[in-house]
1. Sorted by mean Cβ packing within 10 Å, highest first, what order do the peptides 454-462, 403-411 take?
2. How much mean residue ellipticity at 222 nm does the chain get from its helices, if each DSSP H run of length 4 or more adds -39500 (n - 2.57) and you divide by all residues, to the nearest 500 deg cm²/dmol?
3. When the dipole is taken about the Cα centre of the chain, and only Lys, Arg (+1) and Asp, Glu (-1) are charged at their Cβ, what size is it in debye, to the nearest 20?
4. Shape verdict for the stretch 98-194, please, from the Cα gyration tensor: rounded (a/c under 1.5), prolate (a/b greater than b/c) or oblate.
5. Need one word for the stretch 467-520: rounded, prolate or oblate. Basis is the Cα gyration tensor (sqrt eigenvalues a ≥ b ≥ c); a/c below 1.5 gives rounded, then a/b vs b/c decides.
6. Roughly speaking, what is the centre-to-centre gap between the stretch 212-248 and the stretch 512-537 when only Cα atoms are used, to the nearest Å?
7. Could you size up the charge dipole of the stretch 345-443 around its Cα centre, putting +1 on the beta carbon of Lys and Arg and -1 on that of Asp and Glu, and report it in debye to the nearest 20?
8. Going toward the positive end of the dipole of the chain, with +1 on Lys and Arg Cβ and -1 on Asp and Glu Cβ, which of Ala374, Ala64, Val253 do you reach last?
Amino acid sequence: MPTAQFDAMVIGSGASGSFAARELTAQGLKVVLLEAGPEIGPKDFDAQRKIRQSDINLWQRAKATLTGQGVQARAAYFDMRMRHLFVNDREHPYTTPPDAPFVWIRGRQAGGRTHTFGRALLRWTDDDFRMRSRAGTGEDWPVAYDEIVPYYEEVERSLGIYGRVDDVPTQPDSVYSHEALLTDAEQQFKADLEGRWPDRRVITWRYIGPEPTRILHPLREAMASGNLTIRYNTIAHKVLTDETTGRAIGAEVLDRLTGTCSTIAASAVVLCASPIESIRLMLNSASARHPNGLGNSSGLLGRYFMDQLPCIATGTYPKAKGAAPADTAPPDPFYGPSGGIFVPRFVGEGGKAASDFNFQGSIGRYPTGRSGDARLSFFGFGIMQPDADNRITIDPRTKDAWGIPVPHIRCKMGEADKATLTRQLDTLTEMVEGTGGELEFVGSPLGLVEKGRGAYPEADPISRFLFRRMFTKTMVMGAAIHEAGGARMGETPEASVLNRWNQSWDVPNLLVTDASAFPTSGVAGTTLTIMALTLRACRHLAAELRS
């Protein structure tokens with residue numbers, strides 16, 4: 001074994017990598033953080049750049065497609081000012097089965113996808129951690145909500161969450177540093193919905209405000225510790241292991257700009273590259289000691305890959321007029337205002353979840369059309385059942401711009417998933433129309449249903465026609481951008497890839513702390529749970545390394 005240059009190596013600088021670097025450096029360890037993309041900062045967020053766009057944003061997406069970002073341009077929030085925060089799909093190809101399209105939205109730069117996610121941070125509950133799949137293939141998590149609460153609280157205090165106490169058992173409150181507010185239209189919708197269906201609650205977003213430095217607080221702490229070395233433009237090609245002990249000893253890396261190959265040695269490795277990338281790296285790290293991929297003695301590496309079941313709806317809320325922001329966070333000219341409402345899983349007997357989906361939206365926050373009625377929009381997220389046939393494998397026939405074999409992604413809805421998504425769509429329609437709202441369209445991977453005036457009624461006819469044609473290519477699995485699974489945590493090495501501390505059963509000094517560790521998909525965003533599990537896992541690793 002070569003002499004370790006560092007106590008720990010963290011691969012990826014996004015949501016999990018930032019907290020991994022903070023925790024390990026705070027424990028006095030010398031850490032190297034590998035980021036495959038460039039360093040970025042305030043100069044890369046030019047709020048003055050004006051780009052003509054519409055609700056559909058069609059021409060920006062078309063231009064991005066022609067210049068190599070055809071997949072990334074399908075993200076719901078994509079615009080040309082942000083295109084440098086998404087990868088070029090020609091340089092980063094992947095493959096899918098013909099009958100199971102998947103949109104893989106990703107970014108390679110300092111901070112990863114923390115620059116493009118909605119900034120919403122929600123806790124999970126034991127409705128997630130202790131829920132076995134009704135299909136009989138799922139596993140409970142090896143951890144419970146009470147074990148994660150202290151780490152949730154620590155992350156929330158570190159980031160400064162906007163929210164308010166709502167006291168809804170299916171969506172536990174966070175530790176709030178700032179108050180979040182509802183618009184007048186959202187308050188009216190809340191009164192209408194809760195008055196008609198007492199089990200359905202409306203709460204504010206729980207989210208983080210803008211970060212002027214464009215570096216999350218935990219990573220800034222790690223950088224200030226004196227214990228962190230950051231290697232930008234450094235692509236981890238293979239995690240290296242000692243053939244005698246089987247333990248991780250570092251990584252073989254490629255320089256993104258020159259293609260030069262080198263090695264970096266470390267006493268432990270923490271994968272934080274996002275689910276598909278971390279699994280791809282483990283599969284590409286096969287060796288004589290680990291012939292089927294790193295940490296794959298169970299044969300489960302890559303299996304049980306999931307996203308959440310997505311749907312979208314827009315329309316108007318005639319009970320309110322105009323638009324008025326209610327964001328209490330400081331303004332961010334690059335991103336615009338944040339905030340909105342959630343309808344968490346419905347509250348059943350004993351406070352248990354009585355539905356398999358939740359909804360995130362806003363009412364009265366954005367400019368109205370000619371009628372002056374408040375605009376409404378909702379995204380829905382449903383539980384996807386774990387399925388061993390949904391998996392990440394390596395496609396050896398296709399390589400990226402650096403010669404690395406790419407992932408093959410299969411993420412296909414089963415019959416139970418289609419039934420959940422149908423209930424999700426019916427419930428969203430029922431809630432909006434039952435409170436006096438008027439829908440224009442509701443869409444999901446099951447298709448597009450136009451109602452009333454139809455989708456984007458004030459757009460030009462060509463844009464509306466092309467929107468209808470492109471919808472089935474855009475609203476497919478992956479559109480939720482909450483992918484998870486593939487390196488699941490569990491109680492035994494036969495039924496999982498990682499133990500309860502996010503450690504590989506086969507390689508104890510290899511941790512995987514992004515959402516690939518998740519045994520179930522959940523319905524809330526994955527980011528807060530990723531951060532909390534990373535904090536917990538790295539604190540445990542630091543104690544082991546010290547001993």
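1. Details: 454-462: 14.3, 403-411: 20.1.
Ranked from most to least packed, the peptides come out as 403-411, 454-462.
2. Working: 10 runs with 124 residues, N = 547.
That calculation yields -7000 deg cm²/dmol at 222 nm.
3. Details: 61 positive and 63 negative charges, 302 e Å.
Here the chain has a charge dipole of around 1440 debye.
4. Numbers: a/c = 1.35, a/b = 1.21, b/c = 1.12.
Cα axes put the stretch 98-194 in the rounded bin.
5. Values: a/c = 4.66, a/b = 3.46, b/c = 1.35.
In terms of gyration-tensor shape, prolate.
6. Here the two parts' Cα centres lie 19 Å apart.
7. Numbers: 12 positive and 14 negative charges, 85 e Å.
Its charge dipole is roughly 400 debye.
8. Towards the positive end, the residue furthest out is Ala64.
Values quoted throughout were computed directly from the atomic coordinates according to the rules given, and no laboratory measurement underlies them. Because the structure is predicted, anything quoted here is derived from the model rather than measured. We place every Cβ from the backbone using ideal geometry, glycine too, and count neighbours over all the protein chains shown.
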